[in-house]
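Visitor: Mind having a look at this structure? Questions to follow.
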Amino acid sequence: MPKTLYDKIWDEHLVYERQDGTSLLYVDRHLIHEVTSPQAFEGLRLGKRKVRKPNLNLAVADHNVPTTDRSKGIDDKESKIQVDALRNNCKEFGIEFFDMNDKRHGIVHIIGPEQGFTQPGTVIVCGDSHTATHGAFGALAFGVGTSEVEHVLATQTLIQKKSKNFRLIVNGKLSIGVTAKDVILKIIGTIGTAGGTGFVIEFAGDVIKNLSIEERMTVCNMTIEGGARAGLIEPDKKTFEYLKGKPMSPKHNNWNKALEHWSNLKSDDDCKFDKEVVIKGEDIVPQVTWGTSPQDVVPVNGFVPNPDQEKDKDRKVAMERSLNYMGLQPNTKITDIKIDKVFIGSCTNGRIQDLREAAKLLKDKKIAKHVNAIVVPGSGLVKGQAEEEGLDKIFKNSGFEWREPGCSMCLAMNADKLNPKERCASTSNRNFEGRQGRGGRTHLVSPAMAVAAAINGHLSDVRKF
């Protein structure tokens, strides 16, 4: 029977399947960070188990690390305990660990691809919801819980039930000023945060094919915000060129064998999908979230919606709560919303291409005096590359702070937090209540849109630049 890309990867990794559909999948790669792993390692100790395949695991501390002066270590006691625990656990169980002063250090979903640890056709898991990022390489990648982290460490397998197939096609071309971040926000706004529940999404169409690998990573990163188990994109020449020569990529004759296998990783022409949605690239404009869910999104030239126009009672209540939390009035022009802070970074938009696009717009300009803005490279390698290209000087000269790599202000697990009622134009992936700090108000945007907001002091249409 004709198969989808998801079907093919699933079947290649299926160890055993029960009659009720409960299956055991082989896991090729396991990424580890400090938040979801301590209990898993302790479970191994209590059960007197070893890590089955240490070389298929890679660890980094990213959620709790400071992004300012690291010579002093980590000030916050709880954060220090978590990072120290990961370092010690990796040493005890023989797992490679990128410490925060290692040049290869960074956000877990950025270092995997950088090192070639992420590869097409593999099953990749991590105790983090945005593991879908790695689907940009044609990998089946998804987040797991702490008990599942222990299971993978001990057995290199995972208990799963197969999802349905969902193809999301974005055809046509994108207009100037529209980025991969706008594409995925438009998709989530179209299907809703539950639109992908029970599915694995394969992104397809001319727009997706024309995206760079880093842009594809942005799209796949936020698949989870659309409710899907995972998101993936068919690997192609761009994928292979990106991975060629990476430290952990196949070498010599193994590279040729890998290319032969990877080249066949595509959905068959006549395969069937359980669900399909088509979006026109020309219909996408720069997007901004207004509420406390990624589906609360509108075009930058639009208005804050009015709950009174919503027929669904539950949705109306949710909208009213969001507006109250965000301190917004219905029918307000999006571009009239003033901001206090700007954050460029995260596993969604902390790669070198993101920083280049932001710096290009920012060059020879100054940010608004009342705005506090930071840019946080996604890894030490990204930071080094940006500094080689002089991007750090552009950011600093404009008024941005140039930081060390880490998850930073994407979530309130480190020193980079919003204060209550502070409003932020953020390139991260979630705008939930308290996500960036208790009472903090988050508007999700692309890096270019974040720069536009920083310059004007309010949410702005990047196309006017």
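Visitor: Return yes or no: is residue 159 under 30 Å from residue 52 (Cβ atoms), under 16 Å from the mean Cα position of the chain (by Cα) and open to solvent by 20 Å² or more (accessible area, probe 1.4 Å)? So that I can check it myself, show each step before the final result.
Guide: Numbers: under 30 Å from residue 52 (Cβ atoms): yes; under 16 Å from the mean Cα position of the chain (by Cα): no; open to solvent by 20 Å² or more (accessible area, probe 1.4 Å): yes.
Taking the combined requirement at face value, the residue does not satisfy it.
Visitor: So, one more: Taking the stretch 230-249 as the region of interest, how many residues are assigned to a loop (DSSP other than H, G, I, E, B), open to solvent by 30 Å² or more (accessible area, probe 1.4 Å) and in contact with a helix residue (DSSP H, G or I) (Cβ under 8 Å, 6 or more places away or on another chain)?
Guide: Looking only at the stretch 230-249, we keep the residues that are assigned to a loop (DSSP other than H, G, I, E, B), and these are 234-236, 244-249.
Narrowing the set further to residues that are open to solvent by 30 Å² or more (accessible area, probe 1.4 Å) leaves 234, 236, 244-248.
Filter once more, so that each one left must be in contact with a helix residue (DSSP H, G or I) (Cβ under 8 Å, 6 or more places away or on another chain): 234, 236, 244, 246-248.
Within the stretch 230-249, residues that are assigned to a loop (DSSP other than H, G, I, E, B), open to solvent by 30 Å² or more (accessible area, probe 1.4 Å) and in contact with a helix residue (DSSP H, G or I) (Cβ under 8 Å, 6 or more places away or on another chain) number 6.
Visitor: Is at least one residue of the stretch 129-141 farther than 30 Å from residue 209 by Cβ and in contact with a strand residue (DSSP E or B) (Cβ under 7 Å, 6 or more places away or on another chain)? I'd like the intermediate steps shown before the answer.
Guide: If we filter the stretch 129-141 for residues that are farther than 30 Å from residue 209 by Cβ, which is where we start, we get none.
Scanning the stretch 129-141, I find no residue that is farther than 30 Å from residue 209 by Cβ and in contact with a strand residue (DSSP E or B) (Cβ under 7 Å, 6 or more places away or on another chain), so the answer is no.
Visitor: Just name the residue that is most open to solvent (accessible area, probe 1.4 Å) out of those in the stretch 94-108 that are more than 25 Å from residue 43 (Cβ to Cβ) and touching a strand residue (DSSP E or B) at 6+ places or on another chain (Cβ under 6 Å).
Guide: At the first step, the residues of the stretch 94-108 found to be more than 25 Å from residue 43 (Cβ to Cβ) are 100-107.
Those left that are additionally touching a strand residue (DSSP E or B) at 6+ places or on another chain (Cβ under 6 Å): 104-106.
On the way: 104: 80, 105: 2, 106: 0 Å².
Restricting to residues being more than 25 Å from residue 43 (Cβ to Cβ) and touching a strand residue (DSSP E or B) at 6+ places or on another chain (Cβ under 6 Å), the top hit is 104.
Visitor: Looking at residue 69 and the list (1) surrounded by fewer than 18 Cβ atoms within 10 Å (Cβ to Cβ); (2) closer than 15 Å to residue 148 by Cβ, which single condition is not satisfied?
Guide: (2)
Visitor: I want to confirm something. Restricting to the stretch 409-465 and keeping residues that are over 16 Å from residue 350 (Cα atoms) and acidic (Asp, Glu), which single residue is least open to solvent (accessible area, probe 1.4 Å)?
Guide: Restricting to residues being over 16 Å from residue 350 (Cα atoms) and acidic (Asp, Glu), the top hit is 461.
Visitor: Report, ordered by the first and then the second residue, all pairs with beta carbons closer than 8 Å, sequence separation of six or more or different chains, a first member in the stretch 64-76 that is within 17 Å of residue 437 (Cβ to Cβ) and without any contact (Cβ under 8 Å) to a residue 40 or more places away in the chain, and a second member that is hydroxyl-bearing (Ser, Thr, Tyr) and open to solvent by 80 Å² or more (accessible area, probe 1.4 Å).
Guide: Listed by first residue and then by second, the contacts come to nothing, as the list is empty.
Visitor: Restricting to the stretch 419-448, name every residue that is within 19 Å of residue 377 (Cβ to Cβ), outside any loop (DSSP other than H, G, I, E, B) and touching a helix residue (DSSP H, G or I) at 6+ places or on another chain (Cβ under 6 Å). Write out each step before concluding.
Guide: The first filter runs over the stretch 419-448 and keeps only residues within 19 Å of residue 377 (Cβ to Cβ), leaving 424-429, 436, 445-448.
Narrowing the set further to residues that are outside any loop (DSSP other than H, G, I, E, B) leaves 424-426, 447-448.
Once the filter is applied, which keeps residues that are within 19 Å of residue 377 (Cβ to Cβ), outside any loop (DSSP other than H, G, I, E, B) and touching a helix residue (DSSP H, G or I) at 6+ places or on another chain (Cβ under 6 Å), the stretch 419-448 yields 425, 447, 448.
Visitor: Test residue 169 against the stated conditions and say whether it is assigned to a strand (DSSP E or B) and open to solvent by 60 Å² or more (accessible area, probe 1.4 Å).
Guide: Criteria not met by residue 169.
Visitor: Going residue by residue through the stretch 140-151, is there one that turns out to be of a type in the set (S, T, N, Q) and either farther than 30 Å from residue 465 by Cα or touching a His at 6+ places or on another chain (Cβ under 8 Å) (or both)? Explain how you work it out, then say what you get.
Guide: Of the stretch 140-151, the ones of a type in the set (S, T, N, Q) are 146-147.
Next cut, either farther than 30 Å from residue 465 by Cα or touching a His at 6+ places or on another chain (Cβ under 8 Å) (or both) only: 146-147.
Yes, the stretch 140-151 contains a residue that is of a type in the set (S, T, N, Q) and either farther than 30 Å from residue 465 by Cα or touching a His at 6+ places or on another chain (Cβ under 8 Å) (or both).
Visitor: Name the residues in the stretch 258-295 that are touching a residue at least 40 places away in the same chain (Cβ under 8 Å), assigned to a helix (DSSP H, G or I) and among the hydrophobic types (A, V, I, L, M, F, W, C), would you?
Guide: Listed by number, the residues that qualify are 258, 262.
The values are calculated or read from the model by the stated rules, or taken from the named source; none is laboratory data. This structure is a prediction, so every number in the text was calculated from the model and none was measured. Using ideal geometry, Cβ is built from the backbone for each residue, glycine included, and neighbour counts are taken over all protein chains shown. Keep in mind that these areas ignore ligands, DNA and RNA; they rest on the heavy atoms of the full protein, side chains included. Shrake-Rupley method; radii C 1.70, N 1.55, O 1.52, S 1.80 Å.
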